[in-house]
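Engineer: Before anything else, here's the structure in question.
None of the figures in this text is laboratory data; all of them are computed from the coordinates on show. This is a predicted model, so every value here is computed, not measured. Quick reminder, even Gly has a Cβ in these numbers, built from the backbone with ideal geometry, and neighbours come from all protein chains shown.
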Amino acid sequence: MLIDKDVIPGYPLSWQARALTGLMRGTLKPASSLLMRHPIALTGAARLGDLTRMVKVPHPEHVTIEPAAFSACGGEWVRGGPDLDEGKVVLYFHGGGYFSCSPRTHRSITWRLSVAAGRPVLALDYRQGPVHRLADSLSDALDAYDCLLSRGFDPEDIVLAGDSAGGHLTLATLLALRDQGSPLPGAAVCLSPWADLTDVPRRANRWQDPMLPAGRVRWLARRWTSGLDPWDPLVSPVHGDFTGLPPLMIVTGSTEVLRDEGRQVARRARLAGVPVRYEEWPRMPHVFPILADVLPEARLAFEHVSRFLAAVGASSMPAPMPASIPADDSAAA
């Protein structure tokens, strides 16, 4: 598998994807447009997220979940099955716009990521708004990474990963580690990263995105960047210098409103000499891998992640292609 490549997976769109995106367009998108208009809505969503920490989220019997404590925040160890390489780890940052969700809500991603990576996943329950700021979330991420190093994990055996706001946190953590001279992880995976918090209108896919209203994303960015320089790379990683960072994999949907941010990260990283695997999945919604319980495309995405990590681990040697992955990828225009 080539690491440094743009790919449009050529799978036919499943009927599940057609049905689900239609449902999202009629429910989630209008609900987001109505709710994300006042700070009270963020507070309510954050409290609802707190309730999810007390709800038992089902997971397959072969998956094990163990609570973990890290400095000011907690998290959970997620193992997708037996025979994992315990000397390696994925440090995962969940999405949720920096104000909602938790490791529990993203278990459909983390247990599959554990299987794909062949190692346990540490899903971090980092501090979020509206009580906390972006700097607090980044501090928690850096502390967790330092904790893994102190526990004996080699940097090259650590993978950073995250979705949406967690993808933002993944990129900001990489830049902060590089800037402070810390040893860098072996690779990073970003699912639909939210990478640009500057006050720019998002015109691409404004009407095509079945889930996220562009105006509400812009409103939320203004909330989190109040009093900050939105052009600071730790606030808007898309404007950072990616020199020296490890190989990146970026997975987006072709119709999502954040698609161009993933494209820009891939472009800037390549200009800095970083190998980037950029995959743009046709007509997939925002963070579609979280829907792996119902979407065949989402399950296939984890196989692609597995191939990417195997290729990174093998350095210049391409990883063998699993039999279940058809070799029908085509280069993105």
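Engineer: Please report the base-10 log of the normalised intensity I(q)/I(0) for region 182-227, using a Debye sum with one equal scatterer per alpha carbon and no solvent, at each q in 0.14, 0.17, 0.24 (1/Å).
Structural biologist: -0.48, -0.63, -0.91
Engineer: Now a separate question. Which one, N205, F242, Q180, projects farthest toward the positive side of the charge dipole computed for region 175-270 from Cβ point charges (K/R +1, D/E -1)?
Structural biologist: N205
Engineer: When a footprinting reagent is the concern and you count Cβ atoms within 10 Å, what order do W194, W77, W224, W15 take, fewest first?
Structural biologist: By the 10 Å Cβ count, ascending, the order reads W15, W77, W224, W194.
Engineer: Under unit Cβ charges (Lys, Arg +1; Asp, Glu -1), what dipole magnitude, rounded to 20 debye, does the chain have relative to its Cα centre?
Structural biologist: Using only the charged Cβ atoms, the result is roughly 1220 debye.
Engineer: What's the local net charge at V274, with K and R +1, D and E -1, over the other residues with C-beta under 10 Å away?
Structural biologist: Overall, the nearby charge balance is +1.
Engineer: At a Förster distance of 35 Å, what's the computed FRET efficiency of L2 paired with D179, Cβ-Cβ distance as r, to 0.05?
Structural biologist: 0.75
Engineer: Using alpha-carbon positions, what is the distance between the centroids of region 214-244 and region 66-91, in Å?
Structural biologist: 29
Engineer: If you don't mind, another one. Would you list C147, C73 from fewest to most Cβ contacts within 10 Å?
Structural biologist: If I rank by nearby Cβ atoms, fewest first, I get C147, C73.
Engineer: Is region 226-287 rounded, prolate or oblate when judged by the Cα gyration tensor, a ≥ b ≥ c being the square roots of its eigenvalues, rounded requiring a/c under 1.5 and prolate requiring a/b larger than b/c?
Structural biologist: oblate
Engineer: To make sure I understand, if each residue's beta carbon is the centre and we count other beta carbons within 10 Å, what order do I290, I8, I3 fall in, fewest to most?
Structural biologist: Lowest to highest Cβ neighbour count: I8, I3, I290.
Engineer: Oh, and also: So how far apart, in nm, are the two label points at A19 and D157 if each is 7 Å from Cα heading toward Cβ?
Structural biologist: According to this spin-label approximation, the distance is 4.4 nm.
Engineer: Hey, another quick one. Using +1 at the C-beta of Lys and Arg and -1 at the C-beta of Asp and Glu, which of A117, F153, P9 has the Cα lying farthest in the positive direction of the dipole of the chain?
Structural biologist: After comparing all options, I get P9.
Engineer: Additional query: So for the chain, what percent of the C-alpha to C-alpha distances run longer than 37 Å?
Structural biologist: The answer is 9 percent, as a whole percent.
Engineer: Which whole number of Å³ per residue matches the convex hull of the alpha-carbon atoms in region 74-166?
Structural biologist: 84
Engineer: Out of the DSSP beta bridges found with both residues in the chain, what percent are antiparallel (nearest 5)?
Structural biologist: Antiparallel: roughly 35 percent of the beta bridges in the chain.
Engineer: State, as an integer percentage, the relative contact order of the chain based on alpha-carbon contacts under 8 Å between residues 6 or more apart.
Structural biologist: Dividing the mean separation by the residue count of the chain yields 22 percent.
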